[in-house]
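Q: Quick one: structure below, then a few questions.
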Amino acid sequence: MTQLYIKEPYPYLGCEACNQQGCTDCYRLTKVELLGVGEFADRCDPVLKKSTIYVYKSNGRLPEPDLMVNNNNTALWLGSTVDRWNEER
Ligand SMILES: [Zn+2]
């Protein structure tokens, strides 16, 4: 599991940080968890084999990764991306 923080704007009218209406200046840090291929496979229902995920990956059947790391060699997905793909496939 890879965790990172993303800057997320306050989408609501009253900013929680500065109390300004319609503030677009403040951000909060939200922790997101990203899944590698093995975790992608485990999250699917029914659970897929990691090797199946690699086949899908080479066939272009996987969703666009949410983040590429390791010099663009490692694809990571948000759990929500995996869930959506899993429901639609
Ligand atoms: Zn603010």
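The values are calculated or read from the model by the stated rules, or taken from the named source; none is laboratory data. This one's a predicted model, so the numbers in the text were calculated from it and none came from an experiment. Here the Cβ is made from the backbone with ideal geometry for all residues, glycine too, and neighbour counts use every protein chain on show.
Q: Hey, can you tell me all the residues within region 8-41 that are within 29 Å of GLU87 (Cβ to Cβ) and surrounded by 16 or more Cβ atoms within 10 Å (Cβ to Cβ)?
A: If the condition is that a residue be within 29 Å of GLU87 (Cβ to Cβ) and surrounded by 16 or more Cβ atoms within 10 Å (Cβ to Cβ), then VAL32, LEU34, LEU35, GLY36, VAL37, GLU39, PHE40, ALA41 are the ones that fit.
Q: Looking at region 46-53, can you tell me whether even one residue there is assigned by TED's automatic domain parsing to the domain that holds GLU87 and touching a residue at least 12 places away in the same chain (Cβ under 8 Å)?
A: yes
Q: Right, next: Among the numbered criteria (1) within 14 Å of the ligand (Cβ to nearest atom); (2) touching a Gly at 6+ places or on another chain (Cβ under 8 Å), which one does ASN19 miss?
A: Going through (1) within 14 Å of the ligand (Cβ to nearest atom); (2) touching a Gly at 6+ places or on another chain (Cβ under 8 Å) one by one, ASN19 breaks only (2).
Q: I'm told CYS18 meets every condition in (1) in contact with a Cys (Cβ under 7 Å, 6 or more places away or on another chain); (2) within 19 Å of MET1 (Cα to Cα) except one. Can you identify the failing condition by its number?
A: (2)
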